[in-house]
Amino acid sequence: MNKDILVCGVGGQGTVLASKLIASAAMNLGNTVHSAETIGMAQRGGSVTSHIRIGEQAYSPIIPHGNADVILAFEPAEAVRNLAYLKKDGIAIVNSVPVKPVTESLNDTGYDGRDMITYLKSKCECIVVDAMELCSGFGSTRYFNVAILGVAVGTGKLGLDVETILKEIEVRVPAQFVDTNKDAFLAGTKVGSANK
Amino acid sequence: MRKEYVMGNGAIALGALEAGIHLVSGYPGTPSSEIIETISKYRQGSVHVEWSVNEKAAMEVAASASYSGARTLVTMKQVGLNVASDPLMSLAYVGIKGGMVVVSADDPGPISSQTEQDTRMFASFCRIPVFDPSSPEEAFTMIQDAFDYSEKYHTPVLFRPTTRVCHAYASIEINETTNPRPYEGFVKDSKKWVIFPRLSFLNHAMIEKRNPEIGRDFSSYSGNTVSGMGKKAVFTGGISYSYVKEYLKDYPDVKLCKISTPYPFPEQFALSCLQGVEEVLCVEELSPFIESELLKIAGSHNLSVKIYGKLTGHVCASGENSADYAADILSKFLGTAAKKGIDLSAAPALPLRPPVLCAGCPHRASFYAVKKAMEGKKSYFCGDIGCYTLGNAMPLDMVDTCLCMGAGITMAQGFHWTDPDSTCFAFVGDSTFFASGMTGVVNAIYNEADMILCVLDNSTTAMTGHQPHPGTGRNMMGHIVDKVSIEKILAGMGVPKILTVDPLNLNESVKAVQECASLKGVKAIIFKSPCIAISKPEKQMTISDKCIQCKKCIREIGCPALITAEGKVCIDKGLCTGCGLCSQICPVHAIGGDCHE
């Protein structure tokens with residue numbers, strides 16, 4: 001399998017965990033995998049991007065522009081920020097719930113993510129998911145990442161099956177959160193397969 | 001054998017363990033820090049691993065271990081190499097016995113550094129070999145080769161990955177067991193191990209004779225590779241090789257030459273690559289190192305080849321390369337089509353997400369206390385390297401200067417001598433204080449400067465990922481050790497006024513600053529409160545309906561947990577740690593809750 005997958009969000013949204021689940025699932029299916037995370041100086045609240053490159057022919061650790069098959073975005077502006085990486089016939093799976101910059105209270109820009117979603121829809125194939133609604137049963141925004149991952153797996157575009165990811169969740173998520181993570185992931189897969 | 005999916009830094013660590021290292025020392029610095037952390041996790045047998053107090057100390061600890069015949073690894077970021085350059089320059093003359101590899105991770109961009117310096121230039125300056133890996137996989141095998149060359153030529157060698165190699169992940173196949181190589185022990189020989197002008201003179205001559213030999217040896221090194229053919233050639237190395245290779249997948253009619261050992265330059269290899277070539281593009285980051293070497297070769301061999309790169313303006317002189325930038329310059333060089341992604345020219349303005357001090361960070365409270373205490377008085381605020389450099393951001397705006405590790409302490413003294421009526425502050429973190437702050441304090445006492453030292457003691461090395469240091473009471477061998485007390489160090493130096501305060505107690509902190517500001521000489525305030533990223537408090541502030549929406553809390557301290565929703569001030573419960581600073585600022589006491597006090 002040859003696939004480039006970009007996962008992006010804001011520090012604290014679980015971008016790194018989602019990318020680890022994808023990378024290790026792909027490896028367990030016998031693929032060669034490379035990945036790279038770009039995290040700036042911000043501990044929380046900064047833009048975080050994770051590049052996962054599946055296949056033998058990936059040399060650059062960062063996906064070249066116009067090469068990503070799928071973008072998983074946990075935040076609308078982060079999807080736009082990374083849109084140059086997407087293939088022309090690629091797909092973006094985007095959480096519509098915005099994360100305001102931490103400087104927003106000092107300098108109100110009125111950012112609410114809506115412009116971003118409109119723009120994304122005009123530029124590429126995308127599935128927009130309201131993760132707040134999708135995760136309402138799980139009581140926390142901390143499951144947005146696995147829910148969006150579920151949507152992507154559900155569409156079949158990642159080339160990864162539900163069972164393999166569920167196994168990875170068991171291995172990589174702290175025991176007390178495994179069940180809720182699985183439920184949020186499965187809720188996402190349903191949305192994904194409905195959008196196939 | 002088993003496979004491990006690791007970061008480039010992990011691959012370097014595992015490669016060094018395979019090479020049989022006995023001792024590893026270093027100082028944290030992005031992008032190099034995970035090397036020592038990985039060694040600490042995977043080490044077996046008698047391997048000694050330490051976070052040294054700074055890079056100079058790390059280099060010296062490793063030097064004598066290497067004199068004893070043990071294989072040693074030293075790790076740092078590129079600016080750390082400046083700190084370690086004193087021992088390294090001399091060590092290059094003296095030489096070593098057990099293989100010694102110095103990893104100095106470069107940071108093109110720069111992404112998290114003060115400079116865009118190039119460790120390859122440092123190698124050439126020191127007259128010692130340097131290896132330049134292009135991927136985590138290559139780093140794993142290359143560092144093992146680096147140990148062999150180090151021993152073969154009795155010289156320390158540099159190994160310089162860059163950020164994108166350090167932070168990329170790949171699968172590495174490792175042995176289940178690794179053991180340090182046995183070593184002979186130190187053999188006394190003052191003609192060999194004691195540097196004197198006579199020894200330096202003799203060894204300098206030996207080094208200049210030896211280096212062209214190493215260059216010839218490197219010409220057949222497996223890491224220097226050539227593929228493809230044609231009249232156009234691309235010379236590259238390090239991560240740029242990966243970017244170029246990514247683009248040239250579709251263009252086999254180009255010669256691709258990889259230089260993995262930039263110094264001593266593999267001249268014979270480069271000459272053979274240049275045969276039949278009319279035009280060369282050099283794709284490299286930081287300095288035009290390969291380009292300059294090729295120009296020398298072309299000149300001394302009268303080659304009629306055109307060489308393009310940074311010196312000719314074909315490649316950007318500064319900043320980091322990327323797969324996209326490489327594709328861009330290669331398409332111009334080859335006359336091929338540039339690959340275009342989605343056109344984003346009409347994208348809406350993106351929200352900026354600048355780095356800020358975390359919600360509840362005790363540094364915010366320390367800066368605010370000094371700001372309040374010194375309101376309306378002429379003061380200088382000298383910052384330093386660490387999370388607290390972010391004290392420069394609005395609304396705190398409390399960092400006037402930041403230069404290099406420990407510099408704030410000595411720079412505060414320079415301001416005192418040019419403006420004696422002002423109050424000069426130096427802000428330094430606990431790890432930075434141990435690394436390079438202490439001598440600056442002695443300098444102030446001895447030379448009678450007036451200054452206030454503010455040690456922002458959060459009991460960790462926060463910026464680089466929470467490494468322990470001498471003040472934390474634990475080390476990388478997993479031992480609990482006596483904490484080195486900053487207070488006692490300062491007292492021992494003779495600092496007459498040392499106050500230790502909790503920065504989250506605003507009144508107490510402001511009073512401490514005012515008291516120190518009224519005194520002559522060197523004064524110290526230790527603002528002691530743990531980093532919230534490791535102490536993980538789960539307390540929360542609340543805002544009552546007494547709030548008059550004056551927004552003083554937001555305007556004064558800029559805590560990310562203080563937000564507005566529908567025009568009203570509220571607390572972001574996902575971020576608040578209950579530090580209680582805002583409750584001490586509120587003019588109508590509307591903020592309370594389960595706070596720090």
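Do you know which of the residues in the stretch B:100-154 that are on the phi < 0 side of the Ramachandran plot and basic (Lys, Arg) is least open to solvent (accessible area, probe 1.4 Å)? Out of the qualifying residues, it is B:ARG120.
Condition test on A:LEU149, is it over 30 Å from B:LYS573 (Cα atoms) and among the hydrophobic types (A, V, I, L, M, F, W, C)? The answer is no for A:LEU149.
Looking at A:LEU17, is it surrounded by fewer than 23 Cβ atoms within 10 Å (Cβ to Cβ), away from chain B (no Cβ under 12 Å), touching a residue at least 40 places away in the same chain (Cβ under 8 Å) and out of contact with any strand residue (DSSP E or B) (no Cβ under 9 Å at 6 or more places or on another chain)? Please lay out each step first, then the result.
Numbers: surrounded by fewer than 23 Cβ atoms within 10 Å (Cβ to Cβ): yes; away from chain B (no Cβ under 12 Å): yes; touching a residue at least 40 places away in the same chain (Cβ under 8 Å): yes; out of contact with any strand residue (DSSP E or B) (no Cβ under 9 Å at 6 or more places or on another chain): yes.
Yes, satisfied.
Can you pull out the residues in the stretch A:85-114 that are surrounded by fewer than 18 Cβ atoms within 10 Å (Cβ to Cβ) and in a helix (DSSP H, G or I)? Of everything in the stretch A:85-114, just one residue is surrounded by fewer than 18 Cβ atoms within 10 Å (Cβ to Cβ) and in a helix (DSSP H, G or I), namely A:ARG114.
Looking at B:ILE207, B:ILE172, just one residue is open to solvent by less than 70 Å² (accessible area, probe 1.4 Å), assigned to a helix (DSSP H, G or I) and β-branched (Val, Ile, Thr), and that residue is B:ILE207.
Which one of these is assigned to a helix (DSSP H, G or I) and either of a type outside the set (Val, Ile, Thr) or closer than 23 Å to B:SER379 by Cβ (or both): B:VAL455, B:VAL441? Walk me through how you get there before you give the answer.
Values: B:VAL455 fails: assigned to a helix (DSSP H, G or I).
Result: B:VAL441 is the single residue among B:VAL455, B:VAL441 that is assigned to a helix (DSSP H, G or I) and either of a type outside the set (Val, Ile, Thr) or closer than 23 Å to B:SER379 by Cβ (or both).
Number of residues in the stretch A:115-127 that are under 22 Å from A:PHE144 (Cα atoms), open to solvent by 50 Å² or more (accessible area, probe 1.4 Å) and within 7 Å of chain B (Cβ to nearest Cβ): the value is 1.
Out of the residues in the stretch B:234-278 that are acidic (Asp, Glu) and in contact with a Pro (Cβ under 9 Å, 6 or more places away or on another chain), state the one that is most open to solvent (accessible area, probe 1.4 Å). Steps first, answer last, please.
Restricting attention to the stretch B:234-278, the residues satisfying the condition of being acidic (Asp, Glu) are B:246, B:250, B:253, B:267, B:278.
Okay, now just the ones that are also in contact with a Pro (Cβ under 9 Å, 6 or more places away or on another chain), so B:246, B:267.
Values: B:GLU246: 15, B:GLU267: 68 Å².
Applying the filter and picking the extreme gives B:GLU267.
Give the residue, chosen from A:ILE63, A:ILE52, that is touching an Asp or Glu at 6+ places or on another chain (Cβ under 9 Å), outside any loop (DSSP other than H, G, I, E, B), buried (at least 24 other Cβ atoms within 10 Å of the Cβ) and of a type in the set (Val, Ile, Thr). Criteria check complete, one pass: A:ILE52.
Filtering the stretch A:61-78 to residues that are in contact (Cβ under 8 Å) with a residue 40 or more places away in the chain and either touching a Pro at 6+ places or on another chain (Cβ under 7 Å) or over 17 Å from A:GLY45 (Cβ atoms) (or both) leaves A:ILE63, A:ASN67, A:ALA68, A:ASP69, A:VAL70, A:ILE71, A:LEU72, A:GLU75, A:PRO76.
Only one of the numbered conditions (1) of a type in the set (Val, Ile, Thr); (2) assigned to a loop (DSSP other than H, G, I, E, B); (3) in contact with a Cys (Cβ under 7 Å, 6 or more places away or on another chain); (4) more than 14 Å from chain A (Cβ to nearest Cβ) is not met by B:VAL370, and that is (2).
Kindly indicate which of B:ALA11, B:ALA65, B:ALA57 is in contact (Cβ under 8 Å) with a residue 40 or more places away in the chain, touching a strand residue (DSSP E or B) at 6+ places or on another chain (Cβ under 8 Å), part of a helix (DSSP H, G or I) and open to solvent by 10 Å² or more (accessible area, probe 1.4 Å).
Numbers: B:ALA11 fails: open to solvent by 10 Å² or more (accessible area, probe 1.4 Å); B:ALA57 fails: in contact (Cβ under 8 Å) with a residue 40 or more places away in the chain.
Exactly one residue qualifies, and that residue is B:ALA65.
Can you tell me which of B:CYS531, B:CYS516 is touching a Lys or Arg at 6+ places or on another chain (Cβ under 6 Å), surrounded by 14 or more Cβ atoms within 10 Å (Cβ to Cβ) and closer than 30 Å to B:MET438 by Cβ? Steps first, please.
Values: B:CYS531 fails: touching a Lys or Arg at 6+ places or on another chain (Cβ under 6 Å).
Going through B:CYS531, B:CYS516 in turn, just one is touching a Lys or Arg at 6+ places or on another chain (Cβ under 6 Å), surrounded by 14 or more Cβ atoms within 10 Å (Cβ to Cβ) and closer than 30 Å to B:MET438 by Cβ: B:CYS516.
Considering only the stretch B:337-345, I want to know if a residue exists there that is crowded, with 16+ Cβ neighbours inside 10 Å and under 25 Å from the mean Cα position of the chain (by Cα). There is no residue in the stretch B:337-345 that is crowded, with 16+ Cβ neighbours inside 10 Å and under 25 Å from the mean Cα position of the chain (by Cα). Given the condition of a type in the set (D, E, K, R), crowded, with 24+ Cβ neighbours inside 10 Å and more than 7 Å from chain A (Cβ to nearest Cβ), answer yes or no: does some residue in the stretch B:349-365 qualify? Checking the stretch B:349-365: at least one residue is of a type in the set (D, E, K, R), crowded, with 24+ Cβ neighbours inside 10 Å and more than 7 Å from chain A (Cβ to nearest Cβ). The condition of being over 24 Å from B:ILE111 (Cβ atoms) and more than 14 Å from the chain's Cα centre (by Cα) holds for only one of B:VAL6, B:VAL24, that being B:VAL24. Being hydrophobic (A, V, I, L, M, F, W, C), crowded, with 18+ Cβ neighbours inside 10 Å, more than 14 Å from chain A (Cβ to nearest Cβ) and in contact (Cβ under 8 Å) with a residue 24 or more places away in the chain is the requirement here; does B:LEU281 meet it? It is true that B:LEU281 is hydrophobic (A, V, I, L, M, F, W, C), crowded, with 18+ Cβ neighbours inside 10 Å, more than 14 Å from chain A (Cβ to nearest Cβ) and in contact (Cβ under 8 Å) with a residue 24 or more places away in the chain. Only residues that are more than 25 Å from B:MET463 (Cβ to Cβ) and of a type in the set (Gly, Ala, Ser) were counted across the stretch B:1-35, and they come to 3. Filtered by the rule that a residue be surrounded by fewer than 22 Cβ atoms within 10 Å (Cβ to Cβ) and assigned to a loop (DSSP other than H, G, I, E, B), the stretch B:397-425 gives B:ASP397, B:VAL399, B:ASP400, B:CYS402, B:LEU403, B:CYS404, B:ASP419, B:PRO420, B:ASP421, B:SER422.
Residues that are away from every other protein chain (no Cβ under 11 Å) and aliphatic (A, V, I, L, M) within the stretch A:50-76 comprise A:ILE54, A:VAL70, A:LEU72, A:ALA73, listed in sequence order. The selection criterion, being in contact (Cβ under 8 Å) with a residue 40 or more places away in the chain and under 19 Å from B:GLY391 (Cβ atoms), holds for B:LEU504.
The values are calculated or read from the model by the stated rules, or taken from the named source; none is laboratory data. Nothing here was measured: the structure is a model prediction, and the numbers come from that model. Using ideal geometry, Cβ is built from the backbone for each residue, glycine included, and neighbour counts are taken over all protein chains shown. Surface accessibility is based on the protein's heavy atoms, side chains included, excluding ligands, DNA and RNA. Shrake-Rupley method; radii C 1.70, N 1.55, O 1.52, S 1.80 Å.
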